[in-house]
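Take a look at the structure set out below.
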Amino acid sequence: MNINISQQTNDYLKKKNINCLTLNMVIAGSGDLSGCAIPQVNYEEPSDKNRYYHTLVNNINVFIHKSAIEDDIKLEFVLRKFLFYTYVDVEGIKIL
């Protein structure tokens with residue numbers, strides 16, 4: 001697995017004094033997406049670290065849920081903006 005944090009995202013995390021990214025797989029509840037796992041990025045360490053792969057990227061602690069891990073996957077954490085809201089998202093993961 002190859003994990004990258006874009007330069008723009010890295011700058012944003014430093015500015016906001018965020019030193020941890022956690023990638024979770026959230027199960028969608030209804031409609032066409034019922035039963036699908038959708039990626040979600042949080043800014044704090046997970047409570048149960050046994051369910052996560054941990055690595056350090058650009059001095060940022062990165063936790064990836066084990067259900068999201070694939071051998072040949074390349075993940076990149078990127079900065080997104082929606083109206084006045086700025087957040088970190090992930091690219092390269094397959095929706096299960």
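The values are calculated or read from the model by the stated rules, or taken from the named source; none is laboratory data. Keep in mind that what you see is a predicted model, and the values were worked out from it rather than measured. Note that each Cβ is placed from the backbone with ideal geometry, even for glycine, and that neighbours are counted across all protein chains shown.
Of the residues 48, 72, the single one that is among the acidic types (Asp, Glu) and modelled with pLDDT of 85 or more is 48.
Would you say residue 41 is β-branched (Val, Ile, Thr) and either within 20 Å of residue 8 (Cα to Cα) or at pLDDT 85 or above (or both)? I'd like the intermediate steps shown before the answer.
On the way: β-branched (Val, Ile, Thr): yes; either within 20 Å of residue 8 (Cα to Cα) or at pLDDT 85 or above (or both): yes.
It is true that residue 41 is β-branched (Val, Ile, Thr) and either within 20 Å of residue 8 (Cα to Cα) or at pLDDT 85 or above (or both).
Six or more apart or on different chains, Cβ under 8 Å: which pairs go from a residue in the range 63-76 that's assigned to a helix (DSSP H, G or I) to one that's aromatic (Phe, Trp, Tyr) and modelled with pLDDT of 80 or more? Could you list them? Close Cβ pairs satisfying both conditions: 66/52; 66/53.
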